[in-house]
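The values are calculated or read from the model by the stated rules, or taken from the named source; none is laboratory data. Owing to the predicted nature of the structure, the values given are computational and were not obtained by experimental measurement. No Cβ is skipped: glycine too gets one built from the backbone with ideal geometry, and neighbour counts run over all protein chains shown. Please note that ligands, DNA and RNA were not included when accessible areas were found on the heavy atoms of the full protein model with its side chains. Shrake-Rupley method; radii C 1.70, N 1.55, O 1.52, S 1.80 Å.
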Number of protein chains: 2
Amino acid sequence: MLRSDAQENRDRVLDAARSLFSEHGLDVPIREIARRAGVGPATLYRRFPTKQALIDLAFAREVKQCREIVRNAWADEDPWRGMCSVVNGLAEINAQNQGFVDAFMTASPDAIDFAAHRADMLRMIAELCRRAKHAGALRPDFVLDDFILVLMVGRGLSAAPPDVRRTAARRFSALTLDALRASPTTATLPPPVRVTPAVLANWGGGRPI
Amino acid sequence: MLRSDAQENRDRVLDAARSLFSEHGLDVPIREIARRAGVGPATLYRRFPTKQALIDLAFAREVKQCREIVRNAWADEDPWRGMCSVVNGLAEINAQNQGFVDAFMTASPDAIDFAAHRADMLRMIAELCRRAKHAGALRPDFVLDDFILVLMVGRGLSAAPPDVRRTAARRFSALTLDALRASPTTATLPPPVRVTPAVLANWGGGRPI
DNA sequence: ACTCAAGTGGACGGGGGTGTCCGCTACGGT
DNA sequence: ACCGTAGCGGACACCCCCGTCCACTTGAGT
């Protein structure tokens, strides 16, 4: 059990980390977070021995939110509506949290939740895609890897200036969904990216941290 | 006039910079470039007093290529084919040159070419869009700012691992074009991003360098 | 009130990045 | 072949960030 002052400091650090990470990305100096929290560096390091640990905890909320979005979409009886809310929701999170995808992708192996969530979410999304295709709403040549592709390029949204991020996210997801929608005028696509785990791990050079 | 050895060193530095920048992005250490070129840091700094100057020159070729792509597209009698080649071409450049868009956007004010090229290209693209819309090929609610949006999220392509970049670029541009194509099933879009110069300058936090 | 361990922040050493200085090297005109 | 000078690269000073250590402070149990 933490002493009361220690607990409060820990909370303040997490708050500062959340706001700084989502505003400036993952490469904020640790000291800056400590300063914002009104705490010395040592205090921060004692609670979060490594930057990765801090990141994991700072983004835990968003990971939960992510999973929630996907689960709801998966449970939706209309698979296309599900797809839409997934794409919209992830774009929104991307826009509001600079570096969230990076955090999500580079989550440390011991943050078991992350890996489990990732796998789980991908499974649900895959099923969603299958159902949406079967319903004739999703273009038949769409593959799960395309979803990753969309997610990865969506990272660019978080780089948009704060005042246009939400607009950009909404516009982006609407355009993306139009691309994904089954449509009579749809052209044949070039071959999809095969997103193996290795490919995924190396997206972004694996060095956002 | 440069002495012959100096000239050769300068060329080697530029070559090294090009290959390192496109492979690892703009945050390659200057020393690394010097090392790769087989010269001392001082030599590099004498020819290119600031990192920005080096970046400007290293990417000059791609800027030219960019302009060329747009000019050809602009000259194309079929505006939609023009749009396609622009989107394809830019995605390709993005995929092959990590950090190219960053370089393009953050080009120093004195690298006049950049600003001029940007403005010029945007003008041509705007006209292309108008013609494509008029021909009924481009969705009517598309605005020029959407083009910037696509360009900006396309940055994410350069972060893909080298072995999938071209595939990713091709797939991405094909999907994007499907989103831009006028189509009977197209949904109404949310409001577009208003990409003012300030917005543009702040995209990416203005700090890729 | 007293005590003492948990908690704290300033200070330190290490690493890596940038840009600059200076004594040596070697190109190229004579 | 010689020599003046442009050119060179190693060494330097500076800054920022990371992670750790240690003497001091303070919460909370008695």
Measure of size requested: the Rg and Dmax of the protein assembly as shown, with Cα atoms as the atom set and Å as the unit; please supply both. 22.6, 74
Mean residue ellipticity (222 nm) of chain A, computed from DSSP H runs ≥ 4 via -39,500 (n - 2.57), nearest 500: -21000 deg cm²/dmol
Within the set A:T43, A:T167, A:T196, GNM on chain A using Cα springs under 10 Å gives the largest fluctuation to A:T196
The chain B residue whose Cβ lies closest to the rotation axis carrying chain B onto chain A, with that distance rounded to whole Å, is B:A179, 2
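Grab the beta carbon distance between A:R46 and B:S4, set R0 = 51 Å, and tell me the FRET efficiency rounded to 0.05.
So, using R0 = 51 Å, E works out to roughly 0.25.
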How far is it, in nm, from the label point at B:E127 to the one at A:D120 when both lie 7 Å from their Cα along the line to the Cβ? 5.6
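For a quick check of your reading of the filter: which GluC sites (Glu not before Pro) in region A:33-106 sit in a DSSP loop and have no more than 13 other Cβ atoms within 10 Å?
Loop-located and lightly packed - A:E77.
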Report, for B:A187, each distance to the same residue's label point in the other copies, shortest first and in nm; define the point 7 Å along Cα→Cβ. 2.3
What is the helix-to-structure angle for A:4-24, meaning the angle in degrees between its Cα long axis and the longest Cα principal axis of chain A, kept from 0 to 90 and rounded to the nearest 10? 40
Tilt relative to chain A, helix A:144-154 - C-alpha long axis, 0 to 90 degrees, to 10: 50
I'd like the orientation of helix B:165-180 relative to chain B: the angle between its Cα long axis and the longest Cα principal axis, in ° from 0 to 90, rounded to 10. 30
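Carbon and sulfur together cover what percent of the accessible area of region B:4-57 at a 1.4 Å probe radius?
49
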Please report how far the C-alpha centroid of region A:58-78 lies from that of region B:83-101, rounded to the nearest whole angstrom. 33
What gaps in nm, shortest first, separate B:Q7 from its twins in the other copies when you place the label 7 Å past Cα toward the beta carbon? 7.5
Shortest-first distances to equivalent copies, position A:P140, nm, label 7 Å out along Cβ: 3.1
Say R0 is 45 Å: what FRET efficiency, to the nearest 0.05, do B:R35 and A:S19 get from their beta-carbon distance? 0.70
Report ³J(HN,Hα) in whole Hz for each residue of region A:91-96, in order, from the Karplus equation J = 6.51 cos²θ - 1.76 cosθ + 1.60 where θ = phi - 60°; Gly and Pro get x. 4, 4, 4, 4, 5, 7
Rg/Rh of chain A (Cα atoms, Kirkwood Rh), to two decimals, equals 1.02
Could you tell me the largest-minus-smallest coordinate of the C-alpha atoms of region A:1-100 on each of the three principal axes, in descending order and whole angstroms? 51, 30, 18
With chain A treated as a Gaussian network of Cα nodes joined by springs under 10 Å, which of A:V150, A:V28, A:V164 yields the largest mean-square fluctuation? A:V164
What nm value, rounded to one decimal, do you get for the distance between A:R71 and A:R194 when each label is placed 7 Å out toward the C-beta? 3.4
